[in-house]
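A.B. asks: Please read through the structure below; I'll follow up with questions.
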Amino acid sequence: MCGIVGYVGEQAATPLLLDGLAKLEYRGYDSAGIALAGNTLCVHKAAGRLSVLENELRGLSLPQRVGIGHTRWATHGAPTDQNAHPHVSGDGAFAVVHNGIIENYTALRERLHDVSFVSQTDTEVIAHLLQHHFDGNLLSTVRRTVADLEGAFALGIVSSHAPDCLFAVRKASPLVIGICRHGVLIASDVTALLPYTRQYIPLADGDIARITRNDVTIFDKKGKMVGRPMQEVTWDVESAQKGGYDHFMLKEIYEQPEAVWATLSPRLNKGRVVLDDVIFTDAQLAALRRIHIVACGSSYHVGLVGKTVLEQLTRLPVEVDLASEFRYRDPLVDSSSLVIVISQSGETADTLAALREAKARGARVLSVVNVVGSSIAAESDDVLYTWAGPEIAVATTKAYSTQLAMMYLIAIHLGERLGRLGEEEVSALTAELKTLPDRIRTALRTAARLRELAKRYQDREHAYFIGRGLDYAVAMEGSLKLKEISYLHSEAYAAGELKHGTISLVETGTLVVAAACVEAVAGKTLSNVQEVKARGAEVLLLVPEGAATDGADHVVTLPRVHPLFIPSVEVIPLQLWGYFLALARGCDIDNPRNLAKSVTVE
Ligand code: M6R
């Protein structure tokens, strides 16, 4: 995730900016840069680690006392020097650093048709807009620029027109101001402030702050001067990096409503789905006979959900393969196949090899990837990025959820293009998608209850997850989450399959988690609950509000959603269940034994 720092004060800005950026490194980044204000702006930026930038600055005389800095985690455009922030206006008078996404950047670029853009970023447009709106007054220039922007963003701005001044803007992306002994700092994350101050002012949504060495003036979204209350950080640096959560995994679980929205919102337009620049011609669609989904681990579980949703909405046959199997099984893939490759990291060795195999057989490969510029993204015919931001915990949560969101988008888009969905159905489905972040928020409220229950079950050695249809696909993810971080042995079964063998393992006290949110098959799953109860199992049951709960020992109630989107809500308590059991068992949650975040070997 990108990071912003800024400084105005008595000291040379560069060391403070670099120090602040170092504190933000944990968020993940692939390039870094600074801009120092003066009669001429001084900008240095470089792809790679912060040390590359530091080497570039070594030995330079940089006395400037006002500046902004940034660590970029690539979204629009690969991680290159040109795409690194700060971005500068054509006349060199404005430099800007940006976190978030400018959703209307394409339209704005078109509006600025006489400008030569030097990067692929959505951010560069802001620098040129500042130049375009400059009227001699920096505050009104910033205000008019911000009024043109749609999306979520936090900005730091410096200008040679007012080299003693720094502007900070916040819209739906965090930005704080810290006041220290020798000046004022801004940062997208309080962590960067901690070496200098524990007092900070969080900007409110829509605020613009004009900051000089001796003065911080904040204007709200209506342009009215306002005071914002000062707050104090009580955490140490490590807890601050985790946003006050005990683990990155928990932080990432709670980031899911925003991550899902960031993935959905740029692709929803007037009741339709727009898939970036992925274009299927009518001829290509007419030739399309089947879809293959290929992935590993949790991404494979997303593929299982994708199969159901795609088959429902497109009526095309969909096969889902583990990448490690697909690459060696001589699959029936050719130019009439669309292969969808799913990978958070974009570097998983088996998935990359499967992609190459599919391409060699003539298939079009569309990848769903979270890391811009990764190998899988680079080798695919088309890429759709999930905007989960960097995921630090080894156990995936927010990347899984954004991958699900992307599968819904692809299925609705293809369903419409193939003529299987009418305008009204598409509009109804997209309206349902928009409700998902709130439904996920509601599902997160199950945390307190699950935390207590987990203490009770922490000493169990085995757990079984059961469900049917989409409930089963989510049960598989719940089981993987539990085993990878708590080291508790766990298996997921299609609920109807238990009695064909596995039920022999059920005895008094066996823990069974039953997912029964899919109304069409919930009654059947409840019968399976009775079967395991009769053999002494203790059952934790997931159901939607108002559903039957016969036989369960513990019930978790979830908000109702469209039947195809149930996984997005149902996975939340399962992630929390894994997390709290691992917590109760004293496990190293963010770095479980034997596992790596990115599996780059076969
Ligand atoms: O980066 P990828 O999505 O390709 O990774 C695939 C799996 O290694 C990954 O989903 C793994 O199963 C998760 N870390 C589990 O939480």
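A.B. asks: What is the antiparallel percent of DSSP beta bridges lying wholly in the chain, to the nearest 5? Don't skip to the end; give the middle numbers.
C.D. replies: Details: 62 of 102 bridges.
Here the antiparallel bridges make up roughly 60 percent for the chain.
A.B. asks: Follow-up. What base-10 log of the normalised intensity I(q)/I(0) is obtained for the chain from the Debye formula, alpha carbons as equal point scatterers, at q = 0.11, 0.12 Å⁻¹?
C.D. replies: -1.06, -1.21
A.B. asks: Evaluate E = 1/(1 + (r/R0)^6) for residue 315 and residue 234, where r is the Cβ-Cβ distance and R0 equals 51 Å; express this FRET efficiency to the nearest 0.05. Before the final figure, lay out the partial values.
C.D. replies: Working: r = 56 Å, r/R0 = 1.10.
After rounding, the FRET efficiency stands at 0.35.
A.B. asks: Moving on. Any idea what angle helix 470-486 forms with the longest principal axis of the chain, computed on alpha-carbon atoms, 0 to 90 degrees, nearest 10?
C.D. replies: 70
A.B. asks: Could you give the angle, 0 to 90 degrees to the nearest 10, between helix 398-417's Cα long axis and the longest principal axis of the Cα atoms of the chain?
C.D. replies: So the helix axis and the longest Cα principal axis differ by about 80 degrees.
A.B. asks: For the chain, which whole percent of the accessible surface, found with a 1.4 angstrom probe, sits on carbon and sulfur atoms?
C.D. replies: Working: 11190 of 23100 Å².
About 48 percent, which is the carbon plus sulfur part of the accessible surface.
A.B. asks: Can you tally the net charge around residue 311? Count Lys and Arg as +1, Asp and Glu as -1, for every other residue whose Cβ sits under 11 Å from the Cβ of residue 311. Could the numbers behind the result be given before it?
C.D. replies: Working: positive: 290, 307, 315, 420; negative: 319.
Local net charge: +3.
A.B. asks: Per residue, how many Å² of accessible area does segment 248-421 show with a 1.4 Å probe?
C.D. replies: On the way: 5660 Å² over 174 residues.
With the other protein chains kept in place, segment 248-421 gives 33 Å² per residue.
A.B. asks: Also, I was wondering about something else. Rounded to the nearest 10 degrees, what's the angle between the helix 447-457 long axis and the longest principal axis of the chain, both from Cα atoms, 0 to 90?
C.D. replies: 50
A.B. asks: Please report, in debye to the nearest 20, how large the charge dipole of the chain is about its Cα centre when each Lys and Arg carries +1 at its beta carbon and each Asp and Glu carries -1 there. Don't skip to the end; give the middle numbers.
C.D. replies: Values: 59 positive and 70 negative charges, 162 e Å.
So the dipole magnitude of the chain works out to roughly 780 debye.
A.B. asks: Dipole size in debye (nearest 20) for segment 131-242 around its Cα centre, Lys and Arg Cβ +1, Asp and Glu Cβ -1?
C.D. replies: Details: 13 positive and 12 negative charges, 50 e Å.
Roughly 240 debye, rounded to the nearest 20.
A.B. asks: To continue, here is another question. Measuring with a 1.4 Å probe in the full set of protein chains, what accessible area per residue, in whole Å², belongs to segment 445-584?
C.D. replies: Details: 5170 Å² over 140 residues.
Spelled out: the 1.4 Å probe surface of segment 445-584, per residue, equals 37 Å².
A.B. asks: List the GluC sites (Glu not before Pro) in segment 428-476 that DSSP assigns to loop (not H, G, I, E or B) and whose Cβ has at most 12 other Cβ atoms within 10 Å. Which are they? Working shown, then result.
C.D. replies: Working: sites: 432, 452, 461; in loops: 461.
Qualifying residues, ordered by number: 461.
A.B. asks: Per residue, how much accessible surface does segment 3-233 expose to a 1.4 Å probe? Answer in Å², no decimals. Present the calculation step by step, with values, prior to reporting the outcome.
C.D. replies: Numbers: 8880 Å² over 231 residues.
For segment 3-233, the per-residue accessible area is 38 Å².
A.B. asks: Under 15 Å from the Cβ of residue 274, count the other residues' Cβ atoms, weight Lys and Arg +1, Asp and Glu -1, and hand me the total.
C.D. replies: After counting each charged neighbour, the total is -2.
The values are calculated or read from the model by the stated rules, or taken from the named source; none is laboratory data. What you see is a predicted model; the values in this text were computed from it and never measured. Glycine also receives a Cβ, built like all others from the backbone with ideal geometry; neighbour counts cover every protein chain displayed. With ligands, DNA and RNA removed, areas are computed over all heavy atoms of the protein, side chains included. Shrake-Rupley method; radii C 1.70, N 1.55, O 1.52, S 1.80 Å.
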